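**Q** Next up is a structure, given as structure tokens.
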Amino acid sequence: MQKMFSQWRLSILLGVALSLMTPAGAWAQRRRSTRATAQPQPTATPQPAQAKPVASPSPAQTQATPATTRKTEQPPATGEQAAKPKDTKGTWRLKISTGQPRLISLKADHAFASEIATELSRKLDVPVRLSPVMEKARLTIEFTGTPLEGALRMLAPQPYIDYEVTGDTGVAKPVAIYLYGLNEPPPADTEVVRGDSDTIMIEGNTEEGTEAESEKEKQEKALNVKVEHYQVTLHAKRQPLTAVLFEVANKVDIPFEMKYDSSEIVDVDLNNATMEQVVRTLSPNIRLYQRTDLQTYETRPLRIVLAPPANAQQTIKM
């Protein structure tokens, strides 16, 4: 009996224990579930977008495109556009002052040198000759108020000017202009300055029985001409002008043209004089033609001409 009571008591205690344990376990389980739900879920960290690989330009492409200039190429012209010729006519404007010295102003943009030379010749009333190279040349240049010699140096690599120097004024007047390129043969000496004929002088005493002159008289009447680098040393004592000019031209190795038979007598003594000084000293009727190379500024004579005087009266230079 006591044994049965003990088993019954044990069953009751076990049931109470189970009843107490079951709510606590369920509550603990619910608490754990609630805690798990309340905790924030970790968010996924956004991954950076992966750049797509870009192909690097080839060396040929790098060289074809400048680093500092971006140029857009136009598509090639087709149809009527390709048939139309391009306008290659340049523009230019030339001005020349009327006073002395003549000052030249020019503004040219891809203009033909031949067109500018034609206008220059018209305004200066002087022939302007171009070499074959300069005939096809184009000029892009601008200058203002420049003397003739300086302007010609800018118009062509190798310019020349032919001058006429007169004995009365001694002023060098341009009579021809040449525009040439480098390493081209220079223009001929007779390109513009040409004579009708050259003079040949024949001197001598044709009279028989003439008494011999003394040595002093020979010295007084002597004619002596020396030329070195176009510097003239001249001594003439009462000598005919024509004979003096012929001797000077012969020593300089240029033609002498006598357009009239002069009876002028000269007395002159010059040392290391220029050709211009000789002309001014001897007679106002002399015309000296010479050429200046504007690249080197070297001047050399071309021809001496004895022109008719302005009046019929003959003079004696003392």
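**Q** Could you order His235, His110, His229 so the one with the most accessible surface comes first? Probe is 1.4 Å.
**A** Descending order: His229, His110, His235.
**Q** Return the FRET efficiency for the residue pair Glu135, Ala243: r is the Cβ-Cβ distance, R0 is 41 Å, and the value is rounded to the nearest 0.05. It would help to have the intermediate numbers written out before the result.
**A** Details: r = 45 Å, r/R0 = 1.09.
Taking R0 as 41 Å, the efficiency between Glu135 and Ala243 is 0.35.
**Q** If you don't mind, there's one more thing I want to ask. Can you flag which of Lys107/Lys173; Lys123/Lys259; Lys107/Lys136; Lys173/Lys237 are past 23 Å Cα-Cα?
**A** In this structure, Lys107/Lys173; Lys123/Lys259; Lys173/Lys237 exceed 23 Å between Cα atoms.
**Q** In addition: Starting from 0.36 nm per residue, how many nanometres of slack lie between Thr299 and Val175 once their C-alpha separation is accounted for?
**A** 43.2 nm
**Q** OK, next. What shape does region 85-200 have by the C-alpha gyration tensor, where a ≥ b ≥ c are the square roots of the eigenvalues, rounded means a/c under 1.5, and otherwise prolate means a/b greater than b/c and oblate the rest?
**A** Since a/c reaches 1.5 but b/c is at least a/b, the shape of region 85-200 is classed as oblate.
**Q** When the Cα centres of region 148-186 and region 227-248 are compared, how far apart do they sit, in Å?
**A** Distance between centres, Cα-based: 27 Å.
The values are calculated or read from the model by the stated rules, or taken from the named source; none is laboratory data. Computed from a predicted model, the values in this text were never measured in an experiment. Here Cβ is always computed from backbone atoms with ideal geometry, including for glycine, and neighbour counts include all displayed protein chains. In case anyone asks, the SASA skips ligands and DNA or RNA and just uses the protein heavy atoms, side chains included. Shrake-Rupley method; radii C 1.70, N 1.55, O 1.52, S 1.80 Å.
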